[in-house]
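Presented below is the structure to which this report refers.
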């Protein structure tokens, strides 16, 4: 320990740093080299660097309309220039001493906050259709084969055992892909994502239908990593990722896209869940690697595994017998576990 573990959780003043250090470090009953406390969770150099990254970089991520970027970075080449709350000043000096680093304002590459040409064209009604054409042509068509299973959740349905309760909403227009006269049935093969998507609470009566396809359905897969010979600033792939990770301000675009895909003869869409990052714990849009992880073959599977695939089927597929309700269950929440992240509250 004397040669390896330099700090412990009790060294830190900020409670968020202290709690995060307890999750990162290791138990050791010896006295800490820095504060002499024997009760703290000990951290070696690598764990101290992880703590700095998770608290100051990941913890400072902000999300504009599209994309995301940290506000703080650190390295060994710059002195600390960012001003944080007084309660963090002592803790920052610990990191500076042990890691030889400085913290500074991070100026993101502009693609990280939505400055991507196809994404900008999607936001313009006059140029939107040309990008829709590219999406249909460049993303793969997949077949959802007969007898494939997926889930659909309903909260507080009037008639829980009535199969029509699990068809598309009779009042379309409130979701990401449905609009007036364009109903969409939403589902997923990941049950936990279904629960998140429905924003369930412990007070809800929750029911889940296991659905099964009666026939092969033709879907456009927007979760696939497409091959592109371009930079991040020109990437259609990143544009789609950002579009579906955006909140309700993006719905105007995704509703139009959904209608366009339907008119091209598809039965539905496979699309990235808004909750993909919370479900997988992945950090959005790495500052160093950029689009590289989506291009290099050995990293592609990792990128794909961090996207949760949702299903959107057009029309009323239960009524039209494209899919059937295999069975219906009541769903109870036994416990809810949060995996949370700390970061600085004040950055100047």
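Inspect all residues belonging to region 308-325 and state whether any of them is surrounded by 13 or more Cβ atoms within 10 Å (Cβ to Cβ), at pLDDT below 85 and assigned to a loop (DSSP other than H, G, I, E, B). Looking for residues that are surrounded by 13 or more Cβ atoms within 10 Å (Cβ to Cβ), at pLDDT below 85 and assigned to a loop (DSSP other than H, G, I, E, B), one finds at least one in region 308-325, hence yes.
Tell me yes or no: at least one residue of region 54-62 is crowded, with 16+ Cβ neighbours inside 10 Å and part of a loop (DSSP other than H, G, I, E, B). Within region 54-62, one or more residues are crowded, with 16+ Cβ neighbours inside 10 Å and part of a loop (DSSP other than H, G, I, E, B). Within the option set 188, 179, being in contact with a strand residue (DSSP E or B) (Cβ under 6 Å, 6 or more places away or on another chain) and in contact (Cβ under 8 Å) with a residue 24 or more places away in the chain holds for one residue only, 188. For residue 162, are the conditions met, namely being under 22 Å from residue 261 (Cβ atoms), assigned by TED's automatic domain parsing to the domain that holds residue 309 and surrounded by fewer than 18 Cβ atoms within 10 Å (Cβ to Cβ)? Judged against the criteria, residue 162 is not a match. Residue 152 passes every criterion in (1) outside any helix (DSSP H, G or I); (2) more than 17 Å from residue 328 (Cβ to Cβ); (3) at pLDDT 95 or above; (4) under 27 Å from the mean Cα position of the chain (by Cα) apart from (2). Would you confirm whether or not region 246-264 contains a residue that is exposed (fewer than 14 other Cβ atoms within 10 Å of the Cβ), within 22 Å of residue 331 (Cα to Cα) and more than 22 Å from the chain's Cα centre (by Cα)? So far as region 246-264 goes, no, none of its residues is exposed (fewer than 14 other Cβ atoms within 10 Å of the Cβ), within 22 Å of residue 331 (Cα to Cα) and more than 22 Å from the chain's Cα centre (by Cα). For region 13-39, the tally of residues that are surrounded by 13 or more Cβ atoms within 10 Å (Cβ to Cβ), under 33 Å from the mean Cα position of the chain (by Cα) and assigned to a loop (DSSP other than H, G, I, E, B) stands at 3. Per this entry, residue 129 is counted among residues that are assigned to a helix (DSSP H, G or I), surrounded by fewer than 20 Cβ atoms within 10 Å (Cβ to Cβ) and in contact with a helix residue (DSSP H, G or I) (Cβ under 8 Å, 6 or more places away or on another chain).
How many of the residues making up region 194-211 are farther than 18 Å from residue 156 by Cα and either under 16 Å from the mean Cα position of the chain (by Cα) or loosely packed, with under 15 Cβ neighbours inside 10 Å (or both)? The total comes to 0. Considering only residues in region 72-86 that are in contact with a helix residue (DSSP H, G or I) (Cβ under 9 Å, 6 or more places away or on another chain) and surrounded by fewer than 19 Cβ atoms within 10 Å (Cβ to Cβ), the one that is farthest from residue 105 (Cα to Cα) turns out to be 76. More than 28 Å from the chain's Cα centre (by Cα) and modelled with pLDDT of 95 or more - does that describe any residue in region 57-76? Checked region 57-76: at least one residue is more than 28 Å from the chain's Cα centre (by Cα) and modelled with pLDDT of 95 or more.
The values are calculated or read from the model by the stated rules, or taken from the named source; none is laboratory data. Bear in mind the structure is a predicted one, so any value in this text is a computation, not a measurement. Quick reminder, even Gly has a Cβ in these numbers, built from the backbone with ideal geometry, and neighbours come from all protein chains shown.
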